[in-house]
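Notes follow once the structure below has been shown.
The values are calculated or read from the model by the stated rules, or taken from the named source; none is laboratory data. Predicted model, so just to flag it, every value in this text is computed and none were measured. Glycine also receives a Cβ, built like all others from the backbone with ideal geometry; neighbour counts cover every protein chain displayed. Calculation scope for accessible area: heavy atoms of the full protein, side chains included, ligands and nucleic acids excluded. Shrake-Rupley method; radii C 1.70, N 1.55, O 1.52, S 1.80 Å.
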Amino acid sequence: MKILVGIKRVIDYNVRVQVNRDGTGVVKDGVKMSINPFDEIAVEEALRMKERGDAAEVVVVSIGPEAAQQQLRTALAMGADRAILYQAEEEVQPLAAARALLAIIKAEDPGLVLLGKQAIDDDANQVGQMLAALWDRPQATFVSGLEFIDSVARATREVDAGLEQIDVELPAVITVDLRLNEPRFVKMPDIMKAKRKPLDIRPFAELGVEMPPQLETGLHEPPPKRQGGIKVESVEALVKALHDKGVLS
Amino acid sequence: MSRVLLIADHDGRTLNTGIARSVACARQLGDVHVAVFHTADTDAPCAAAAKLDGVSRVLSVSNPANNAPLAAVLAPQIAELANGHEDGYDYVLAPSTTFGKDVLPRVAALMGVPQVSDLMEVIDARTFKRPIYAGNVITTVKVPEGIPVLATVRIASFPSSGQGATANIVSATVDAELPTHTRYVGLEESGGGDRPDLQSARCVVAGGRGVGSKKNFDIIFRLADKLGAAVGASRAAVDAGYVPNDMQVGQTGKIIAPDLYFAIGISGAIQHMTGIKDAGCIVAINKDGDAPIFEAADLGLVGDLFQLLPELEKALDAGE
Ligand SMILES: Cc1cc2nc3c(=O)[nH]c(=O)nc-3n(C[C@H](O)[C@H](O)[C@H](O)COP(=O)(O)OP(=O)(O)OC[C@H]3O[C@@H](n4cnc5c(N)ncnc54)[C@H](O)[C@@H]3O)c2cc1C
Ligand SMILES: Nc1ncnc2c1ncn2[C@@H]1O[C@H](COP(=O)(O)O)[C@@H](O)[C@H]1O
């Protein structure tokens, strides 16, 4: 079975993101970029499946700017077999990304598609669900446990009420949550080896995606800042302050 | 008047508390119908939805296939209802619960329209604010004219609608082909005991990695019970196995807005803080006086939680 993993290049999760001067976006110059953390977990899961003998090939794909090659190279260094970048310099919103991934699926015919549950730039949490709908296949979102029995995947999902289990027939789209696994560290020799692995760069237009209506993004602003509070010296002072605020019933 | 379809999140017995908050958002946009997908024995949430102020009709969609909240099964039904026969809906909303986040994008793709995730403020009929970058940035988005607006509602941003209404409950039949490729196996509820629900509790006591172990977490539960509070946790505490996943607060956990929030042994990472931005009063107890949590806390107390919490319990007893 071939596994397709979707990767998005995003600002690293440790960066304190700032709105740019004219409010048209966020500051990206000189800011560290990484694989979306959820996608790194998706790559790791695909690699573990291959190592267990449950998968034959791991293909990583990204739709994004030329620089997204770096993130694909990282995935190759982790152990993915090959990478494809569909180069699009403009923003690709979730429905367009889902349509693009569907076109890639038609060409690659994977038995499983692993995505992150959300990209931590736009926090959309949409692409996997949209892709599954367009492909007319099952989805299992927010997955923190995954087992395979023949052509069925049993997914454990982190839902508000606890842990839910569902069975999905393959092929399916799985979107992964943070607790599914801990991604491996990339070692220097692997980085060197990854340089020789295939990374195909193609124009986005080649996918022939019909562009859906897009949201128009306007002003970006920092969130309202919480008023900094005070430190109290003792438990008594804390309880008194809570009573004064009227928050203790 | 615009027509709004709100998709109910329920467990077959009760309506998720996020629905009352979503109604508060939905009624700013038009005439609100709530769709409840259920089986013959699980229609109780219909009556609960009919009571919410601002709801003018409840659409009860009964089907044996609706015995579990499976997106693949529900999405075609929702899309069909939303498109309507003569009169479709201008808006399709769902709460930003795991249920809403799972199902609504699938509906959006079937309808061929974009979705606004985590709608936090209505600017006008098509323009909304939503958080991005873990809540570090608020952006304004506009849905183009001529298509229905699909959005998940960031429930912590809206107050709960009252319960004085008596909307009609109308049974609706939906003609959609439903897949069988996805099957529900079961739900392992962590069961917070008789404690209040984390998402709607007025007071929440949360513990982090600083609590140190599953056993030590008893100290958090004890304080919560004293205060009649729900219990929350940081991701680090969940990852370490101190408490189950449904207690996680933050970007990838629950986004909550209690009147009072205790962050105990929690450092205050941005991904955690995004979950409590709308809390009324944040109290931090941490032994590191430089922990970032103190930048956002209304009341901070520096010290060892194992010493301070027993003192706090005593002081609360004395005040009763
Ligand atoms: C994509 C992504 C999503 C994430 N989503 C979330 C999320 O939803 N929610 C979330 O919480 N995190 C999330 N995180 C993780 C987040 O970045 C932090 O790692 C996490 O919040 C840290 O948890 P903590 O504060 O409990 O642990 P730490 O950062 O280790 O802090 C522990 C604190 O306890 C204090 N302490 C230790 N011992 C004591 C004592 N005896 N008395 C008093 N204080 C003590 C320490 O001083 C320290 O400040 C996410 C991360 C990523 C990358
Ligand atoms: N441009 C993209 N290229 C490849 N994969 C993507 C892209 N955008 C989103 N994805 C995948 O879809 C997941 C969810 O993204 P989102 O719905 O945007 O939050 C991500 O974690 C990725 O796995």
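Quick look at the numbers
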{"quantity": "Pair list, Cβ < 7 Å and 6+ apart or interchain, from segment B:94-105 residues that are at negative phi to residues that are of a type in the set (D, E, K, R) and within 14 Å of ligand 2 (Cβ to nearest atom)", "calculated": "B:Ser96/B:Asp118"}
{"quantity": "Qualifying residues in segment A:2-24 (those that are within 16 Å of ligand 2 (Cβ to nearest atom) and within 14 Å of chain B (Cβ to nearest Cβ)) - the one nearest to B:Asn136 (Cα to Cα)", "calculated": "A:Val17"}
{"quantity": "Single condition A:Lys50 does not satisfy, out of (1) part of a helix (DSSP H, G or I); (2) open to solvent by less than 10 Å² (accessible area, probe 1.4 Å)", "calculated": "(2)"}
{"quantity": "Residue that is nearest to ligand 2 (Cβ to nearest atom), among those in segment B:177-211 that are over 27 Å from B:Tyr261 (Cα atoms) and among the hydroxyl-bearing types (Ser, Thr, Tyr)", "calculated": "B:Thr182"}
{"quantity": "Test for A:Glu89: is it surrounded by fewer than 21 Cβ atoms within 10 Å (Cβ to Cβ), within 13 Å of ligand 2 (Cβ to nearest atom) and either closer than 25 Å to B:Thr139 by Cα or modelled with pLDDT of 95 or more (or both)", "calculated": "yes"}
{"quantity": "Count of residues meeting criterion [open to solvent by 10 Å² or more (accessible area, probe 1.4 Å) and of a type in the set (Val, Ile, Thr)] in segment B:252-273", "calculated": "3"}
{"quantity": "Check on A:Asp123, over 19 Å from A:Val59 (Cα atoms), without any contact (Cβ under 8 Å) to a residue 12 or more places away in the chain and either of a type in the set (Val, Ile, Thr) or within 11 Å of ligand 2 (Cβ to nearest atom) (or both)", "calculated": "yes"}
{"quantity": "Search result, residues across segment A:170-215 that are within 25 Å of A:Ile104 (Cβ to Cβ), in a helix (DSSP H, G or I) and within 14 Å of another protein chain (Cβ to nearest Cβ)", "calculated": "A:Leu180"}
{"quantity": "Test: B:Leu178 is assigned to a loop (DSSP other than H, G, I, E, B), more than 8 Å from every other protein chain (Cβ to nearest Cβ) and touching a residue at least 40 places away in the same chain (Cβ under 8 Å)", "calculated": "yes"}
{"quantity": "Scan of segment B:46-75 for residues that are surrounded by 21 or more Cβ atoms within 10 Å (Cβ to Cβ) and within 14 Å of chain A (Cβ to nearest Cβ), ordered by number", "calculated": "B:Pro69, B:Leu70, B:Ala71, B:Ala72, B:Val73, B:Leu74, B:Ala75"}
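This table checks each residue for (1) under 15 Å from B:Val153 (Cα atoms); (2) among the aromatic types (Phe, Trp, Tyr); (3) part of a loop (DSSP other than H, G, I, E, B); (4) out of contact with any Leu (no Cβ under 9 Å at 6 or more places or on another chain).
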site: B:Tyr89; (1), (2), (3), (4): no, yes, yes, no
site: B:Val92; (1), (2), (3), (4): yes, no, no, no
site: B:Lys101; (1), (2), (3), (4): yes, no, no, yes
site: B:Pro105; (1), (2), (3), (4): yes, no, no, no
site: B:Leu110; (1), (2), (3), (4): no, no, no, no
site: B:Val113; (1), (2), (3), (4): no, no, yes, no
site: B:Ser117; (1), (2), (3), (4): yes, no, no, no
site: B:Ile123; (1), (2), (3), (4): yes, no, no, yes
site: B:Lys129; (1), (2), (3), (4): yes, no, no, no
